[in-house]
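Take a look at the structure set out below.
The values are calculated or read from the model by the stated rules, or taken from the named source; none is laboratory data. A quick note: this is a predicted structure, and the numbers were derived from the prediction, not measured. Glycine gets a Cβ as well: all are built from the backbone with ideal geometry, and neighbour counts include every protein chain shown.
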Amino acid sequence: MTVYHYHKDLKAEIKIEERITTMAISSDSRFLIYSNDIDIKFIDLATKEEVRVFEDVSEHQVENLWMSPNGNYIAVDTLDQSISLIDLKSEGTFIFRDIHESKTFV
Amino acid sequence: MKVRPLFEMIFLSFIKGRINSLAFSFDSQYFATSSDDKSIKVFDIKTKELVHQFSAIDGGKKIFFPLVTISQAPILDASWSPDNRYIVTGNTDIQLYDLQTKSHAMTLENPHKKEGNTITEVIISPNGKTLCFTSTKKYKGYPEIYRLDPNLSGGSSSMTSS
């Protein structure tokens, strides 16, 4: 997969030789953040280098990811419908399981 | 890379309450999740505790009930107002919940509700003056995007299609 980074009339290619299940731009616009299914990786948009990796953030497939506006946290939701909250400063991960009900009677 | 069996994907998606969206508050102190179980849950990032919970309402005529869900549609998206006071959700209609008063604040009607279309995405602009949403209604194969200028104090709104 190729990710194209546009800045005014400048186009840059970032080659990523693996599957991308979800991606986001960091709150400070410096990094491309993506998941390859189980890891979270940071690509520096200026150097196109991989600068940070969180391995095996979940036992299950990462479906979506979001960064907090202050850039201190990343939340991912996974196939088992859990939320993994990653503290980017301490690098600790907290998992919220069974947040929502499986069935609702209407 | 791990290969995940198809049955695991189907099983886990079916048996667990599906999370449709997550949104951080602008001050990064909370996040909210919306789900097929027709509820919004707000968590405190620091304490990791559930601090607010709203069940979806239908048509804005009734206040939510803690244990009974009366909406017919899952909540597909939720967003925060820039002052971190309101959460706006999309299902059959657009609903605003006031976290300060812990109550439903306003219903903005989905113009395509009668055709069975539901709200798929909803977002408030960073200045808090504009709300945009899309529904399952398609125009030439693309979702229609509406711009809304809600008057939170008066309860009225104007809508333009773009």
Restricting the first residue to the range A:63-86 and requiring it to be more than 11 Å from B:ILE45 (Cα to Cα) and facing another protein chain (nearest Cβ under 7 Å), which pairs with a second residue that is of a type in the set (Ser, Thr, Tyr) and in a loop (DSSP other than H, G, I, E, B) meet a Cβ separation below 6 Å and a spacing of at least six or different chains?
-> A:PRO69/A:SER27; A:PRO69/B:SER28; A:ASN70/B:SER28
Filter the range A:87-106 down to the residues that are more than 7 Å from chain B (Cβ to nearest Cβ) and assigned to a strand (DSSP E or B), then identify the one that is modelled with the highest pLDDT.
-> A:ASP87
